[in-house]
Amino acid sequence: MFKRLPLSDTTCNRDVTITFDDLTVTAREGETVAAALLAAGMRNCRTTPVSESPRAPYCMMGVCFECLMEVDGVPNVQACQMLVREGMQVRSQQGARRLVHDHA
Amino acid sequence: MTSYDFAVIGGGLVGSAIAYGLARAGHQVCVLDEGDVAYRASRGNFGLVWVQGKGQEIPLYSEWSMSSASLWAGLTDELYDLTGIRTQHQAPGGVHLCYSADELSSRQSALESLSRATQGRFDFDMLDHDQLRQLIPEIGESVVGASWSRLDGHANPLYLLRALHAGIQHHGGTYKSCGPVRRIRPEAGSFIVDCERQQVHAARVVLAAGLGNRDLAPQVGLSAPLAPNRGEILVTERMKPLLNLPTTYLRQTGEGSILMGDSHEDVGFDDGTETHVLSHIAQRAVRALPALANTRVVRAWGALRVMTPDGYPLYEASETYPGAFVACCHSGVTLAAAHVKRLAPWIAGDTPPAEISPFTAERFHVQTATPV
Ligand SMILES: Cc1cc2nc3c(=O)[nH]c(=O)nc-3n(C[C@H](O)[C@H](O)[C@H](O)COP(=O)(O)OP(=O)(O)OC[C@H]3O[C@@H](n4cnc5c(N)ncnc54)[C@H](O)[C@@H]3O)c2cc1C
Ligand code: FES
């Protein structure tokens, strides 16, 4: 659905490998987690706490909180505000986060 | 100029509950509400429907709170049937946490005397740490015990307010966000209310303007010696159920956020927040539930309580200008059901509920007149 724009900035074209649930995804350094996963074809990043309906990143600028995901074990991270890092483990989030036994 | 049976000044929880109670009994009601710049406790409170510990100086206040708590479930069902809005009211009982043996024993003696003063109608239990852990598995080690009362509960005060507004309109009432009412003119046994750009005529008038009552009450022969008292609250991200019953300073909402309350600050008309106060609230919350150390706080705010000198409500009918009433309190969520079902009928002409007899402003005149 989404495709990357060509970048003139040479600092942003190194590949970075992250995981999304059980998939391995190749992202580009300098991208946010949300951008990388949308480019990789992710459709939903979470289900909502109350009605458990599926959601995806929306505003891509930190205001709507639709992009919440679990990043390296930390739940409710705004994926559009977090840059990808080599080896990062990203998980989609089902409903509300659990508080107890989080290993944040 | 439009004419109504009742003009209710103030569309917070107190005014809206009374207006809803009047409208559902068939009266033509108009709510005149200042708007977004006003001080509005109803939009910044903690949402407890709380009985335990209240009324130690005036036990009839305990009876009044118990009456309201017992009417709350019915009000919730009624509002849901009428408007489709759920208040999220639940009454699983509530706990007040104690952090030392001394605190626990003084809590116990205060509640015992309250129970005696109400002939046992207010009842409670004391829990030690292990019994408390049965109710709240995540409770912190530094919590020594708690008092528990089956009478306590909580609700979402914003949904309550929305439901009351919708209910008023459903029963043919009018809500106007009209800027502050500045003047109320008694005229030929009725009242003309001046808002910024309009006037409303009403046979009777109810002052429920929260802190705004201070300036309005003297215009109709009443007095409302109110002062603001600030409370700050923090709210976390949404989480899976963790806390199944409300506590005095912590509760989990229907959506899963944890509310951490609240401070009592004498700072005049300043409804902002201060970092040192917020951090104290957060630290107390983490002592109660250590797992909270891991959570994100997503918002914090301050709101002003509507306080009389002794903290008890004010309900009074004007003797100089019959048909004018004043109503305010600092537990507008708890008392909402009593305001709908018992206070509004009094304002409409029924005999007053027995519990409210102590709550006129006369008690403040007497105090000032008594040499100390
Ligand atoms: C931090 C905090 C925590 C609280 N926690 C709880 C709790 O857990 N449980 C509980 O039961 N209670 C709680 N309360 C108390 C509760 O919020 C109040 O008792 C209740 O909201 C008061 O409602 P009100 O309608 O009298 O006042 P407000 O909500 O202040 O409303 C007054 C209304 O009058 C209007 N107004 C003011 N002046 C004028 C004017 N001149 N003309 C026209 N309109 C005017 C304003 O627009 C406003 O809408 C808490 C309060 C605070 C601040
Ligand atoms: S997409 Fe809106 S906050 Fe991330």
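What follows draws every value from the coordinates through simple rules; no lab data is involved. Every value quoted in this text rests on a predicted model; they were computed, and no experiment measured them. A quick note on method: Cβ atoms are made from the backbone with ideal geometry, for glycine too, and the neighbour counts reach across all protein chains shown.
A few points about this structure:
- Of B:ALA38, B:ALA19, all but one fail to be away from ligand 2 (no atom under 16 Å from the Cβ) and either part of a loop (DSSP other than H, G, I, E, B) or within 14 Å of another protein chain (Cβ to nearest Cβ) (or both); the exception is B:ALA38.
- Counted residues, segment A:59-69 - those being out of contact with any strand residue (DSSP E or B) (no Cβ under 8 Å at 6 or more places or on another chain) and either within 16 Å of ligand 1 (Cβ to nearest atom) or over 21 Å from B:LYS240 (Cα atoms) (or both): 3
- Scanning segment B:251-294 for residues that are more than 16 Å from ligand 1 (Cβ to nearest atom) and either of a type in the set (D, E, K, R) or on the phi > 0 side of the Ramachandran plot (or both) yields a total of 3.
- Of the listed requirements (1) assigned to a loop (DSSP other than H, G, I, E, B); (2) over 21 Å from B:TYR315 (Cβ atoms), B:GLU57 misses just one: (2).
- Selected residue (criterion: nearest to B:SER42 (Cα to Cα)) from residues of segment B:294-314 that are within 14 Å of another protein chain (Cβ to nearest Cβ) and touching a residue at least 24 places away in the same chain (Cβ under 8 Å): B:ARG299
- Boolean, B:PRO186 is in contact (Cβ under 8 Å) with a residue 40 or more places away in the chain, touching a helix residue (DSSP H, G or I) at 6+ places or on another chain (Cβ under 7 Å) and more than 30 Å from B:SER68 (Cβ to Cβ): yes
- Condition check for A:GLU70 on (1) within 14 Å of chain B (Cβ to nearest Cβ); (2) of a type in the set (Asp, Glu); (3) surrounded by fewer than 20 Cβ atoms within 10 Å (Cβ to Cβ): one failure, at (3).
- Residue match in segment A:74-91 (condition: in contact (Cβ under 8 Å) with a residue 12 or more places away in the chain, out of contact with any Leu (no Cβ under 9 Å at 6 or more places or on another chain), surrounded by 21 or more Cβ atoms within 10 Å (Cβ to Cβ) and within 14 Å of chain B (Cβ to nearest Cβ)): no
- Verdict on B:LEU97 being among the aliphatic types (A, V, I, L, M) and farther than 21 Å from B:LEU292 by Cα: no
Yes/no matrix, rows are residues, columns are (1) within 16 Å of ligand 1 (Cβ to nearest atom); (2) within 14 Å of chain B (Cβ to nearest Cβ); (3) farther than 26 Å from B:LYS240 by Cα:
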{"site": "A:ASN13", "(1), (2), (3)": "no, no, yes"}
{"site": "A:GLY41", "(1), (2), (3)": "no, no, yes"}
{"site": "A:THR48", "(1), (2), (3)": "no, yes, no"}
{"site": "A:PRO57", "(1), (2), (3)": "no, no, no"}
{"site": "A:ARG98", "(1), (2), (3)": "no, yes, no"}
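- Residue-level check: of (1) surrounded by 16 or more Cβ atoms within 10 Å (Cβ to Cβ); (2) away from ligand 2 (no atom under 16 Å from the Cβ), A:MET42 misses just (2).
- Pick from segment A:45-72, criterion more than 11 Å from ligand 2 (Cβ to nearest atom) and among the hydroxyl-bearing types (Ser, Thr, Tyr), ranking: nearest to A:ARG28 (Cα to Cα): A:THR47
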